[in-house]
Amino acid sequence: MNIILLGPPGAGKGTQSHKLVAERGMVQLSTGDMLRAARTSGTAMGKQVAAVMDAGELVTDEVVIGLIAEQLDTNPADTSFIFDGFPRTLVQADALGALLVSKGLKLDHVIEMRIDDDALVSRITGRFTCSKCGAVYHEATKRPAKDDVCDSCGKVHGFTRRKDDNEESLRTRLLAYYRDTSPLIGYYYAKGLLARVDGLGEIDAVAAEMGEILAR
Ligand code: AP5
């Protein structure tokens, strides 16, 4: 089964992806995570995209399509993929469709995570992440059991915050979402693939709604 999680920054795409990976053995393909890894390892591409990401703008279609194509080539053919943060433009959506067809794969569901813009500021500014395993936390809604210790991997003093998690960058990211990504809602609706969940619910409630969609 292959699915896309579609939603604005802070909708909970990464959080729900981690649950699906842990509970269903799916593989998360997050272009945001791949781009951050390229920055950390200092590749030419990582350096090239750093300023664009910090400002909250979109990286070029060519770069992210290349990253996804590489992942589809290297994972086994029977992998169940979660596309998290990809596609983000109509060009990327067409490219993903063509890549899947070329591999004999198909898309099963596109899940739009709906959430009020007002809730996104506190989601984004309160987020912190484990630098070792990528587990996602929040100051108010999802704290680790012990301060400074990751619940998932046990790393101590390993929490980091993203450079683009500030109000100014969030405004640019939201604009990019409404300008470039929201047309994908109609695109996938027309293909009969779109389903919606209430992203404002509690994390487990959102996961339960997703489970119902995946069972269809
Ligand atoms: P990316 O990393 O994809 O960021 P994003 O889409 O802005 O999404 P986020 O990771 O910010 O949010 P999320 O929906 O995953 O929320 P999360 O689960 O963490 O992209 C970053 C940048 O990379 C882009 O701006 C762009 O520059 C570039 N890029 C990436 N892909 C690209 C592409 N395809 N094309 C071009 N450029 C690309 O949750 C947020 C917080 O809320 C957490 O603290 C979490 O604990 C909390 N939370 C989650 N769910 C709930 C809930 N139900 N209730 C309460 N709290 C919750």
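The values are calculated or read from the model by the stated rules, or taken from the named source; none is laboratory data. All figures in this text were calculated on a predicted structure; none of them were measured in a lab. Every residue, glycine as well, gets a Cβ built from its backbone with ideal geometry; the counts of neighbours run over all protein chains shown. Side chains included, ligands, DNA and RNA excluded: accessible areas come from the protein's heavy atoms. Shrake-Rupley method; radii C 1.70, N 1.55, O 1.52, S 1.80 Å.
The overall shape of the stretch 165-216 is oblate: from the C-alpha gyration tensor, with semi-axes ordered a ≥ b ≥ c, the ratio a/c is 1.5 or greater and a/b is no larger than b/c.
Over the chain, dividing the summed -39,500 (n - 2.57) contributions of all DSSP H runs of at least 4 residues by the number of residues returns a 222 nm mean residue ellipticity of -14000 deg cm²/dmol.
Quick one: compute a quarter of the convex hull surface over the Cα atoms of the chain and quote it in nm².
Working: hull surface 46.0 nm².
Answer in nm², one decimal: 11.5.
The 3J(HN,Hα) values that the Karplus relation (6.51, -1.76, 1.60; θ = phi - 60°) gives for the stretch 105-111 are, in residue order, 10, 9, 8, 9, 8, 10, 9 Hz. Gly and Pro appear as x.
Each residue of the stretch 140-148 was assigned a 3J(HN,Hα) from its phi angle through the Karplus expression (A = 6.51, B = -1.76, C = 1.60, θ = phi - 60°), giving 9, 9, 8, 8, x, 4, 10, 3, 6 Hz with x at Gly and Pro. Once you reduce the stretch 53-67 and the stretch 19-43 to the center of their Cα atoms, the two points are 15 Å from each other. On the protein heavy atoms, probe 1.4 angstrom, tell me the percent of accessible surface of the chain carried by carbon and sulfur. C and S fraction of accessible area: 52 percent.
Remark: relative contact order (the chain) = 30 percent; criterion is Cα-Cα distance under 8 angstrom and separation of 6 or more residues. Each peptide in 80-93, 157-170 was scored by the mean count of other Cβ atoms within 10 Å over its residues; highest first, the order is 80-93, 157-170.
With θ taken as phi - 60° and the Karplus curve 6.51 cos²θ - 1.76 cosθ + 1.60 applied, the whole-hertz 3J(HN,Hα) list for the stretch 174-185 is 5, 4, 4, 4, 5, 6, 9, 9, 4, x, 5, 4 Hz, x standing for glycine and proline.
For the stretch 44-92, what mean projected area does the convex hull of the alpha carbons give, in nm²?
Details: hull surface 16.2 nm².
The directionally averaged projection comes out at 4.1 nm².
Take the alpha carbon gyration tensor of the stretch 1-129, find the square roots of its eigenvalues, order them as a ≥ b ≥ c, and report rounded if a/c is under 1.5; if not, report prolate when a/b exceeds b/c, else oblate. Mind showing how you got there, number by number?
Working: a/c = 1.58, a/b = 1.15, b/c = 1.37.
Oblate is the answer for the stretch 1-129, as a/c is 1.5 or above yet b/c matches or exceeds a/b.
Taking amide H positions as modeled 1.01 Å from N, with prolines and chain starts lacking one, the residues under 5 Å from G7 and 5 or more places away or on another chain are M113.
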